[in-house]
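The values are calculated or read from the model by the stated rules, or taken from the named source; none is laboratory data. Every value quoted in this text rests on a predicted model; they were computed, and no experiment measured them. Glycine also receives a Cβ, built like all others from the backbone with ideal geometry; neighbour counts cover every protein chain displayed. Heads up: the accessible areas ignore ligands, DNA and RNA and are worked out on the full protein's heavy atoms, side chains in. Shrake-Rupley method; radii C 1.70, N 1.55, O 1.52, S 1.80 Å.
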Amino acid sequence: MTTLSNNSAKAQAHTNIALIKYWGKKDEQLIIPYTSSLSLTLDRFYTQTTVRFNSDNDRDSVQINGQFISGKAWQRVHDFLTIVRDLAGIHLAAEVSSTNFVPTAAGLASSASAFAALAAAASKAAGLKLSKTDLSRLARRGSGSACRSIFGGFVEWQRGTSDADSYAQPLSQVGLNDVKVIALTTESGPKPISSRQGMNRSVATSPYYPTWIKVAQHDLIDIKVAIAAGDFTKFGSISELNAMRMHALTLSADPDFTYFNSETLAIMNEVKRLRHAGIECYYTIDAGPNVKVIVQSANATKIADTFTKLLGQNRVTTLSAGPGVHYL
Ligand code: PMV
C-alpha cells in the first residue's frame, strides 16, 4: 500500500474575471482552447480547499460548503483527483473539503477558484512539488479558466497546442494599476446551460466561430498594449467589446441561447447611461446573467451606489486585484 509522509494540504485560490474570454475547446479532453484569454484575479471571492489522502477510505469523499456532493459534480472532482493520483503514482482515496467565500446572496462561486485551490491542495497532499506553471497546467484539466487563478493580477492563458504548452502566466508589462470591478448579482440559481455545453454548441453551430478565433486574437494583442500603457479607456472598451463578441456566439448558435436576463440588459443600459454622462465604466459578462462593471477608484463609490439603489446592497460587491493561489 502507498504511504505518504504528509498526506494533507490546504490551499486558497481566488476567482478571476476574463476580459478576453475563453470560449471553445479544440481538445475537449485535455481542455486546450481555440483562443488565448486574459483575466484579472479578484480579491474578495475565493475558495479554500483541504485535501487529505487517506488509506482507510475506498472512495473519494467531497464536501462543498459543508455538504457532501454526489453525481456529476462528484465525478468531476473524482476524475480530477485521478489525474493527480496518476501524476504522483498513488492509489489512495481522498477526503476533500472546500468552502467558497462569496458575499451572502452574491451567488458568484466559480469553478476557476475551486479547481485552482483543488489543484494546489491535492498535488501537495499527494507529495508532488509542482511549479506554478505545472499547477496551472493541472488546474486547466479541471476547468479551463482555473489555470488563470494560479496567478494574481493580470494573467494570460496562452492557448498552446498540447497539454505541455497550454498554461497561464502573469503579464510582465502592467502600467494599469487602478482597476476595480463591481460585481452585480442578478440571479443566484444554477445556470441553465453550463459553460461547457454553451461553448461546445457555439463551436459546433455558430457560423461566426471562425471569425471569433481571429478577432479574439486581435483583442488580446490590443488589450495587452492598453494594460502596458495604462490606458484605462482602451482597456475598458476592448473588454466590453470582447464580451459582446463572445455572447454573439450564443445568439448565433443553433439552437440559440443567451445567458442574459432582463436585469442583465437593464444593467448594461445603465452602464452606457453612466458613461454618456461622463462617468467612465464598462461591463463584462461570463456564462451567466451576472454583470461585472469595470471602473477606476475615483468613480467606484459613485457607481456602486447607483447600482445599490437598483439592486440592493447585498447584490453589489466592489473588488480589487487579488493574489494567486497559496497554501494555508
Ligand atoms: O472555465 P470554464 O469552463 O468555467 O469556462 C469559462 C468561460 C468564461 O467564464 C465565460 C470565460 C472565461 O474565460 O473565463
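Out of the strands (runs of 3 or more DSSP E) lying entirely within the stretch 146-226, which hold 1 or more residues that are away from the ligand (no atom under 14 Å from the Cβ) and crowded, with 16+ Cβ neighbours inside 10 Å? Lay out the reasoning, then the answer.
On the way: elements: 154-158, 167-170, 180-184.
Filter on the stretch 146-226 gives 167-170, 180-184.
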Report, ordered by the first and then the second residue, all pairs with beta carbons closer than 7 Å, sequence separation of six or more or different chains, a first member in the stretch 18-30 that is among the hydroxyl-bearing types (Ser, Thr, Tyr), and a second member that is near the ligand (Cβ under 10 Å from one of its atoms). Tyr22/Pro33; Tyr22/Thr35; Tyr22/Ser37; Tyr22/Gly144; Tyr22/Ser145; Tyr22/Trp157
Please specify each residue of the stretch 86-105 satisfying the condition of being within 27 Å of Pro323 (Cα to Cα) and not aliphatic (A, V, I, L, M). Glu95, Ser97, Ser98, Thr99, Asn100, Phe101, Pro103, Thr104
At pLDDT below 95 and open to solvent by 70 Å² or more (accessible area, probe 1.4 Å), is that true of Asn261? no
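Regarding the stretch 236-250, can at least one residue be identified that is more than 16 Å from the ligand (Cβ to nearest atom) and either in contact with an Asp or Glu (Cβ under 8 Å, 6 or more places away or on another chain) or assigned to a helix (DSSP H, G or I) (or both)?
So the first thing to find is which residues in the stretch 236-250 are more than 16 Å from the ligand (Cβ to nearest atom), and the list is 236-237.
Next, from what is left, pick out any that are either in contact with an Asp or Glu (Cβ under 8 Å, 6 or more places away or on another chain) or assigned to a helix (DSSP H, G or I) (or both): 236-237.
The answer is yes; a qualifying residue exists.
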Being within 21 Å of Arg141 (Cβ to Cβ), more than 13 Å from the ligand (Cβ to nearest atom) and part of a strand (DSSP E or B) is the requirement here; does Ala11 meet it? yes
Flagged in the stretch 114-136 as among the polar types (S, T, N, Q) and buried (at least 23 other Cβ atoms within 10 Å of the Cβ), in numbering order, are Ser123, Ser136
Looking at Arg59, Arg44, which is the one that is of a type in the set (Lys, Arg), part of a loop (DSSP other than H, G, I, E, B) and outside the structural domain of Glu240 (by TED's automatic domain parsing)? Arg59
Residue check: is Ala73 within 15 Å of the ligand (Cβ to nearest atom), modelled with pLDDT under 95 and not in a loop (DSSP other than H, G, I, E, B)? yes
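Test Ala139 against the stated conditions and say whether it is modelled with pLDDT of 95 or more, buried (at least 20 other Cβ atoms within 10 Å of the Cβ) and in contact with a His (Cβ under 9 Å, 6 or more places away or on another chain).
Here the answer is no, as Ala139 does not meet what is asked.
Give me the residue from the stretch 26-45 that is within 16 Å of the ligand (Cβ to nearest atom) and open to solvent by 20 Å² or more (accessible area, probe 1.4 Å) and, out of that set, nearest to the chain's Cα centre (by Cα).
Ser36
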Only residues that are modelled with pLDDT of 95 or more and within 21 Å of Tyr327 (Cα to Cα): list them for the stretch 48-60, please. Gln48, Thr49, Thr50, Val51, Arg52, Phe53
Any chance the stretch 82-91 includes a residue that's assigned to a helix (DSSP H, G or I), under 22 Å from Lys26 (Cα atoms), without any contact (Cβ under 8 Å) to a residue 60 or more places away in the chain and in contact with a strand residue (DSSP E or B) (Cβ under 7 Å, 6 or more places away or on another chain)? no
